[in-house]
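The values are calculated or read from the model by the stated rules, or taken from the named source; none is laboratory data. Everything quoted here is computed from the prediction, not taken from an experiment. Methodologically, a virtual Cβ is constructed for each residue, glycine included, from the backbone with ideal geometry; neighbour enumeration extends over all protein chains shown. Just the protein is used for accessible areas: all its heavy atoms, side chains included, with ligands, DNA and RNA removed. Shrake-Rupley method; radii C 1.70, N 1.55, O 1.52, S 1.80 Å.
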Amino acid sequence: MPVIVCECKVGIEASVKAELASEFTKAIREIILSPLDLISVVFHESTSENTYRSGEPTSETLLFCHIRDGRSDGAILSLAKKVSLIWSTSTGQPEDEVEVLVTQYPAKFVVRGGERLPEAPRV
């Protein structure tokens, strides 16, 4: 953890996904100081008939950032804004078609490799 899950339209090229994963990883390291070996990025692609907004099909993107608890509101907002900008810059999709949600989890409920993760760095 952190994990960024990208719910996006089908057809984003592998090279763009690699760029996004790299840029997201850099942003997470810089903003919330997460160890590199804990950062994951996952892409879930779907067609517009599987994604709706206001009851209508859409190709908007939802980016879910799952992080350990303990970061400041400022750090969380900075991360959300940076993730939105990275997505828009890398894909060409306007930021008004991108929604970023950051969810925090207590470290005591996060296990990786069979071991509970330590508390997150305070930033």
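Ligands, DNA and RNA left out, the accessible area of the range 1-120 computed with a 1.4 Å probe is 51% carbon and sulfur. Sorting the segments 8-18, 107-117 by their mean number of nearby beta carbons within 10 angstrom, highest to lowest, gives 8-18, 107-117. Rounded to the nearest 20 debye, the dipole magnitude of the chain is 620 debye, with +1 charges on Lys and Arg beta carbons, -1 on Asp and Glu beta carbons, and the Cα centre as origin. Rolling a 1.4 Å probe across the protein heavy atoms gives the range 4-123 an accessible surface of 56 Å² per residue. Proximity of backbone amide H atoms, modeled 1.01 Å from N, is registered between Val102 and Cys65 at under 5 Å, excluding neighbours fewer than 5 places apart on the same chain.
Its Cα gyration tensor gives the range 60-123 an equivalent ellipsoid, and the semi-axes of that ellipsoid, as √(5λ) in whole Å with the largest first, are 27, 13, 9. Stokes-Einstein diffusion of the range 28-103 at 25 °C, 0.890 mPa s viscosity, Kirkwood radius from Cα pairs, rounded to a whole number: 179 µm²/s. Treating only the Cβ atoms of Lys and Arg (+1) and Asp and Glu (-1) as charged, compute the dipole magnitude of the range 8-57 about its Cα centre; round to the nearest 20 debye. Here the range 8-57 has a charge dipole of around 100 debye.
Calculated mean residue ellipticity, 222 nm, the chain: -10500 deg cm²/dmol, from DSSP H runs (n ≥ 4) at -39500 (n - 2.57) each, averaged per residue and rounded to 500.
Look at the alpha carbon pairs under 8 Å that are at least 6 residues apart: their mean separation over the length of the chain gives a relative contact order of 32 percent. Mind pulling the angle between the C-alpha long axis of helix 14-32 and the longest principal axis of the chain? Nearest 10 degrees, somewhere in 0 to 90. Compared with the principal axis, the helix lies near 40 degrees.
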